[in-house]
Structure formats: C-alpha cells, structure tokens
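A.B. asks: Sharing a structure with you now.
Read the figures in this text as sums done on the coordinates, not as results from a lab. Nothing here was measured: the structure is a model prediction, and the numbers come from that model. Counting neighbours? That spans all protein chains shown, and the Cβs are built from the backbone with ideal geometry, glycine included.
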Amino acid sequence: MKMSEKIKSHRKKLGLTLKALAEKVGCTDAYISQIETGKAVPSISVLKKIAQALDVQVRDLLSDEPASDKIFLTKEERTQIIYPGSHIYAELLVGKISNKAMEPLYKVVPVGCDSNGEHRHVGEEFGYILKGKLELRVGEQVKILGPGDSFYFTSSQPHSYKNVGDVDVEAIWIVSPPVL
C-alpha cells in the first residue's frame, strides 16, 4: 500500500474528516486531499504532523511493502523524502525501516542549499560523499568534504551542513536510530 493510501486508510479508521485532519496538521483540507490522492508529496515536517495526528509512526506510513523484509530494492522502488523549506531530498535505501536499527539514505543537496539551521537528536550519523562539496559543521568543528570523503559523529552534537560547491552534493547518509 502506498503512503497516500495508508494516510487515507488511517484517517478513515479514526473517523476523521479531511478538514479535521487538516486542522490537526495545520494545513488545508485540499492539501490533505492532494496527499491522499498522490498528487502532492508532504515534506518531512508535514508527514510527522500527519503521523502524530493519526497516532502512527512516520516509518509505518513510508513503508509500502508487506510485513516480510525485502532484501533487494530497485531505484524505482525507493521512497522519496522532500525536506521542508528547501530543494534537498533523499531516497530511503531500504523498503521498510520500522524494524531497522539505522536509516540509510541517498541524499541530494542542491547548489546553495543547506540544512536550514542546526539540528540535534539522539543517535549517530555516518556519511560518504559521492559528488560535490559539502561544508559540515559538528559542534565547533567545520570541514569541507568532497567526493570520497566521509564523516561520523554523535547526533546529539549541534550539526548543520551546506553545499558550497558548484554541483549538487550526492551522498550516502546513514542515521541510527531512524528519525523518520
């Protein structure tokens, strides 16, 4: 079942109207309708609000495979995630993260885009830069990373990043435990 169908199914199970869910999320009922019909893809922040309003985990809405784990995932089967307030996006490199200890992503940071401020959360992060130049700040440390460079840090430290090159940054980015 697709994310859009899961949202609609959970909303109906709870007996919520489009308007009631929209009010809980802080958006319009037309936007919720577009999400449920697959005409719009919600940002991570909106998806988190929808999940909270439906009393489910974000990862449960993203996974579109049956209960058994899928060993292989083609590029076409990846779930795309759009980061709020930017053109940054990622693709989940696994079909289902609800039973995983980590959240592996293929992440693209377009030229001039950044993390939209500092972030901190429980866990650890690892990344490997495939393309471009990424300025990464972790605590007081700052480093510009290029293709072949990697990073690993504790996510409870304030961290932020920015594409400082002239091409999109492409990276493999792993967060543990999953934050979605």
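A.B. asks: Which of (i) 0.96; (ii) 1.08; (iii) 1.28 is the computed Cα Rg over 2.2 N^0.38 Å for the structure on display?
C.D. replies: (ii)
A.B. asks: Still on this model: To the nearest 20 debye, what charge dipole does the stretch 1-59 have about its Cα centre, counting +1 at the Cβ of each Lys and Arg and -1 at the Cβ of each Asp and Glu?
C.D. replies: On the way: 12 positive and 5 negative charges, 31 e Å.
Here the stretch 1-59 has a charge dipole of around 160 debye.
A.B. asks: For a protection proxy built on the mean count of beta-carbon atoms within 10 angstrom, sort 115-126, 50-61 highest first, please.
C.D. replies: Working: 115-126: 13.5, 50-61: 18.6.
The densest-packed peptide leads the list: 50-61, 115-126.
A.B. asks: Counting other Cβ atoms within 10 Å of each Cβ, which chymotrypsin sites (Phe, Trp or Tyr not before Pro) in the stretch 1-101 have at most 12 and sit in a DSSP loop? Intermediate results must be reported in sequence, preceding the final value.
C.D. replies: Values: sites: TYR31, PHE72, TYR89; in loops: PHE72.
For chymotrypsin sites (Phe, Trp or Tyr not before Pro) across the stretch 1-101 that sit outside H, G, I, E and B with at most 12 neighbouring Cβ atoms in 10 Å, the list reads PHE72.
A.B. asks: If you don't mind, there's one more thing I want to ask. Quick check: net charge around LEU47, other residues with Cβ under 12 Å of its Cβ, Lys/Arg +1 and Asp/Glu -1?
C.D. replies: Values: positive: LYS6, LYS48, LYS49, ARG59; negative: ASP60.
Value of the local net charge: +3.
A.B. asks: So, counting K/R as plus one and D/E as minus one, what does the shell of residues with Cβ under 15 Å around GLY139 add up to? Display every interim value, and only then the final one.
C.D. replies: On the way: positive: ARG120, ARG137, LYS143; negative: GLU118, GLU124, GLU125, GLU135, GLU140.
Result for the local shell: -2.
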